[in-house]
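Throughout, read-outs are computed from the coordinates displayed, never taken from laboratory work. This one's a predicted model, so the numbers in the text were calculated from it and none came from an experiment. All Cβ positions, glycine included, derive from the backbone under ideal geometry; neighbour counts span all protein chains shown.
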């Protein structure tokens, strides 16, 4: 048990002493009366008794009440407990250690996710120093970090960075116990949807893209994205010739993005007429015979599709297309939804109705409006 005594000078209380025994040795914590009241001294005495009990029983996990008090105690009181050997404080982790340990711990994640974390890390260190401790990551500084990024990046991009940083900080709180709470918890990340970059790619533009392709493999890539609705490159790079059932007019798409959901590791998609035409042409080529993958030429590479596509788009007279493969897939999503309904669109494109409404809302083709008005563009009807 600890005892609380008073120091008196000239009849007045000059301070308080909290004393206890460790074996034959008496330990003391001194508190000056000008800085600490008798109530505070009494509460610290109770804390000392609790910590002595835990120490004698060789455990470092205090009860929640004691843990809360220690968390909110003035720095000077915590320092006195540390000096008395009753409280062990680990050396605060630096921001560099936070990121290094988090990324070391996250094994088995997809390359695209690793890339996203690396981008977030780069932007994080534009505001925070690698050597400063993680206690310096405060909500106030994070708000400034967010504001600085919004000045140069789209809201959807910033939302992604905040989402990834929040995952890092949650890991520090829940897994490592390095932080008591996530300083990003109350900061709104914003919308992931960037409507400014949304655009449809009409069938007329699709035909121009095909004509501008340097080879049949690129014609097949664009057909799989625009007509098949595949995610590129994740679903595209896994597509094998064995996944195509020519007799039943369908093909199987394996989806790394949704495989962690039960029953969502794959989906069956119709061999739409325009897509079947390109696939059969590709399959008939001499250089394709014996290949395992439909897009064999990019196997073993980084699958950098953006720049080659932009070159094709410019050659087709379409200029630069922001987020081209998202636009190809999104356009197809709406066509399927308009013609065959939500259920088939969800099944063939591979997402839920809620996701379609959130990310693909409000984008309709010129053909859709023309059809509603009783007009057929260029006097053509498309078979897809």
Counting residues in the chain as N, plug N into 2.2 N^0.38 Å and put the Cα Rg over that result.
1.50
Label points 7 Å out from Cα along the Cβ direction at residue 25 and residue 126: separation in nm?
5.3 nm
Once you put a point 7 Å from the Cα of residue 119 and another 7 Å from the Cα of residue 280, both along the Cβ direction, what distance in nm separates them?
4.0 nm
Rg followed by Dmax, in Å, when segment 95-192 is reduced to its Cα trace
12.7, 34
Under the classification rounded if a/c is under 1.5, otherwise prolate if a/b is larger than b/c and oblate if not, where does segment 3-83 fall, given a ≥ b ≥ c as square roots of the Cα gyration tensor eigenvalues?
oblate
For labels at residue 39 and residue 140 in the simple 7 Å Cα→Cβ model, what's the distance in nm?
2.7 nm
By how many degrees, between 0 and 90 and to the nearest 10, does the Cα long axis of helix 324-340 differ from the longest principal axis of the chain?
70 degrees
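Using 0.36 nm per residue, how much length does the chain from residue 273 to residue 170 gain when fully extended, once their Cα-Cα distance is taken away? Could the numbers behind the result be given before it?
Working: separation 103, 0.36 × 103 = 37.08 nm, distance 4.80 nm.
The span from residue 273 to residue 170 would gain 32.3 nm if fully extended.
Assuming R0 = 22 Å, can you tell me the calculated FRET efficiency for the pair residue 311 and residue 202, based on Cβ-Cβ distance, to the nearest 0.05? Walk me through the numbers on the way to the answer.
Details: r = 20 Å, r/R0 = 0.92.
Efficiency, rounded to the nearest 0.05: 0.65.
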Starting from the Cα-Cα distance between residue 257 and residue 109, subtract it from 0.36 nm times their residue separation and give me the gain in nm to one decimal.
52.2 nm
Can you tell me the length gained on complete extension of the stretch residue 249 to residue 66, counting 0.36 nm per residue apart and subtracting the Cα distance?
59.1 nm
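How do the peptides 333-345, 21-33 rank, highest first, by the average count of neighbouring beta carbon atoms within 10 Å per residue?
Listed from highest to lowest mean packing, they are 333-345, 21-33.
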Under 20 Å from the 7 Å Cα→Cβ point of residue 100, by amide nitrogen: which residues of segment 126-153?
126-137
